[in-house]
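I have placed the structure first, in the form of structure tokens, so that the comments after it can refer back to it.
All of the numbers you see were taken from the coordinates with simple rules; none came from a lab. Note that this is a predicted model, so its numbers are computed, not measured. All Cβ positions, even for glycine, are placed from backbone atoms using ideal geometry, and neighbour counts span all protein chains on display.
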Amino acid sequence: MDPLTRVIVVVAVVAIALVIARLSRPLQSGAHPPLSIPAGELPAGVVLFTSTDCDQCAAARAALKSAGVAYREVTHELESNRFDRYGVQGVPLLALLLADGTQTYLAAGVPTRRSIRAVKA
């Protein structure tokens, strides 16, 4: 194989690896597209979307618990149909819901102090 072909193959392999790594990691803190939750499907209040094999989800649960925030947890392995219907794209995902399913707050990643203040207010 000539040197140019080797370079092209290496660049292609690295690019593929980067794309796979990006798609397989949990969401980073910050924005998430709005969810589509029908009225009455979840109680109003704080909801944490998680997965059982997610280390960041354990940290998110611990942060909410240590701050004394009551929340409803929706776990992918137990309620995957809700993830699909609502448009959850990654975990952990923190939401503050009204009774009609509208989100007044939505943040991906382990809750920060700012996130916790927002959902406690």
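Check Thr50: other-chain or 5+ apart residues with amide H under 5 Å from its amide H, H built from backbone geometry?
Val74, Thr75, His76
Add +1 for every Lys or Arg and -1 for every Asp or Glu among the other residues with Cβ under 15 Å from the Cβ of Ala121, and state the total.
Here the charged neighbours net out to +4.
Using a Gaussian network for the chain with springs between C-alpha atoms less than 10 Å apart, which of these wobbles most: Ala70, Ala15, Ala39?
Evaluated over the chain, the most mobile residue of the options is Ala15.
May I ask you to list, by number, the DSSP H helices of the chain whose Cα span along the axis is at least 27 Å and whose average Kyte-Doolittle hydropathy reaches -1.0 or more?
Helices passing the filter in the chain: 3-24.
Treat each spin label as a single point 7 Å out from the Cα along the C-beta direction, and report the Asp84 to Leu4 distance in nm.
If labels sit at Asp84 and Leu4, their model points lie 4.8 nm apart.
Cα gyration tensor of the chain, axes a ≥ b ≥ c as square roots of the eigenvalues: rounded (a/c below 1.5), prolate (a/b > b/c) or oblate?
Cα axes put the chain in the prolate bin.
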